[in-house]
Amino acid sequence: MEFLYGVPVLGFVFQFLGYFIDAIATTNLAPQTLQLATPVALGALCGVMNERSGIVNIGIEGMMLTAAFVGFMAAVLVDQAMPEAQPSFIFGATPALVVGVLAAIGAGMLVSALHAWLSISVRADQIISGTVINIMAIGLTGYLNRLIKPQGSAGTFATFHPPAELVDLPVVGWIFRMFLQLGPISMSVIVLVIVLQVLLFRSRWGLRTRAVGEHPRAADTVGIDVIRLRYRNVILGGIFAGLAGAWLTLEFNASFQNGMTANRGFIALAAVIFGRWTPLGAFGGALLFMASESLGVAIRSNPPPGDLGIWLSGMQAQFPSIYNNFFSALPYVLTIIVLAGVVGRSVAPAAVGQPYIKEGAS
């Protein structure tokens with residue numbers, strides 16, 4: 001393939017492809033991509049649960065941010081109450097980290113319950129409900145973070161390191177590294193995706209959920225409690241948003257910063273549309289959108305050789321500030337480009353966003 005690198009203009013493309021393939025096999029690009037995609041994928045699963053049930057949820061961003069703050073604060077409080085607790089051999093888990101994850105999940109479910117009440121019982125505009133949750137989460141967590149000013153942290157979960165015999169296998173070693181060289185929340189994503197995919201399309205609950213999202217009136221006539229099922233699914237979807245928030249402060253970072261979700265909730269919504277409202281498709285969209293950011297990290301730490309490396313790594317003096325933010329902005333640019341091509345071709349559940357009024361109810 002070396003002879004292709006000398007082709008004018010296209011040579012850069014061939015060099016980039018060669019570097020990308022080599023980076024997957026020899027660096028941490030693959031596990032880093034899945035790691036960065038974790039909150040987006042979990043947020044997308046929350047979106048799938050909601051929209052398959054007929055409820056639009058643009059408040060995933062606020063749910064994740066609230067869960068991140070509550071999980072971090074709970075972990076810090078438990079850590080201060082149990083300073084002598086030692087990390088276990090399972091991902092370095094401590095009582096503080098476990099309580100933090102549970103608190104984050106609880107917070108995600110609580111905010112989801114609020115969205116369910118506004119959308120299903122009050123029958124408020126679901127877009128407005130999600131927007132209110134986002135604004136409230138940003139303002140409330142920012143205020144409480146300044147007011148409380150938490151000192152210290154509970155640390156983070158440890159990363160699992162698979163045996164060298166697995167990761168050093170030719171051709172497939174990078175696959176083991178991608179799915180195993182992670183923390184517990186990131187590692188659980190693929191399991192959750194597969195389980196939700198199977199349940200959604202191969203179980204009675206999944207059939208009822210899809211019926212409620214497509215034709216709630218018809219579902220009601222065969223005895224399905226539309227209101228109850230929507231409530232249950234929206235609240236359970238908060239578990240995924242809670243895990244995404246816990247990942248931010250208990251696995252990826254050891255602290256909470258205002259607005260640290262950085263619009264990942266909106267990228268998760270784009271992944272839902274890109275994946276055609278399926279868990280596996282949404283997971284693929286999350287990987288696609290976040291691969292560019294992980295590639296930027298790989299290039300900064302280990303740039304490719306030759307002129308391509310000089311250009312990509314920003315070694316030239318021109319436009320250094322543009323380069324520093326290019327790969328960070330790329331997931332959002334890629335999201336817009338992909339959605340421009342997907343919207344109109346992906347068909348949402350027919351009843352999504354439409355409040356359901358049971359016959360005879362006022």
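At-a-glance table
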| item | result |
| --- | --- |
| Ellipsoid equivalent to region 137-277 - semi-axes via the Cα gyration tensor, in Å | 33, 27, 12 |
| Carbon/sulfur fraction of accessible area - region 149-301, other protein chains in place, 1.4 Å, % | 64 |
| Cα point-scatterer Debye curve for region 194-294, base-10 log of I(q)/I(0) at q = 0.12, 0.13, 0.18 Å⁻¹ | -0.52, -0.60, -0.99 |
| For Y143, solvent-accessible area (1.4 Å; no DNA, RNA or ligand), Å² | 140 |
| Solution diffusion estimate, µm²/s, Stokes-Einstein, region 58-196, Kirkwood Rh from C-alpha pairs, 4 °C, viscosity 1.567 mPa s | 75 |
| Accessible area of region 129-197 divided out per residue, in Å², using a probe of 1.4 angstrom | 55 |
| Label-point separation in nm, K149 to A85, each point 7 Å along Cα→Cβ | 2.6 |
| Separation of the S346 and I190 label points, Cα + 7 Å toward Cβ, nm | 2.3 |
| Mean Cβ neighbour count within 10 Å, used as a protection proxy, ranking 257-266, 191-200 highest first | 257-266, 191-200 |
| Shape category assigned to region 158-199 from the gyration tensor of Cα positions, a/c cut at 1.5 | oblate |
| Inter-part distance where region 256-280 and region 150-197 are each reduced to a Cα centre, Å | 20 |
| Sorted peptide list for 127-139, 34-46, 106-118, 166-178, criterion being average Cβ within 10 angstrom, highest first | 34-46, 106-118, 127-139, 166-178 |
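The values are calculated or read from the model by the stated rules, or taken from the named source; none is laboratory data. Bear in mind that the values here come from a model prediction, so they are computed numbers and not experimental data. Reconstructed Cβ throughout: ideal geometry from the backbone, glycine too, with neighbour counts over all protein chains shown. In case anyone asks, the SASA skips ligands and DNA or RNA and just uses the protein heavy atoms, side chains included. Shrake-Rupley method; radii C 1.70, N 1.55, O 1.52, S 1.80 Å.
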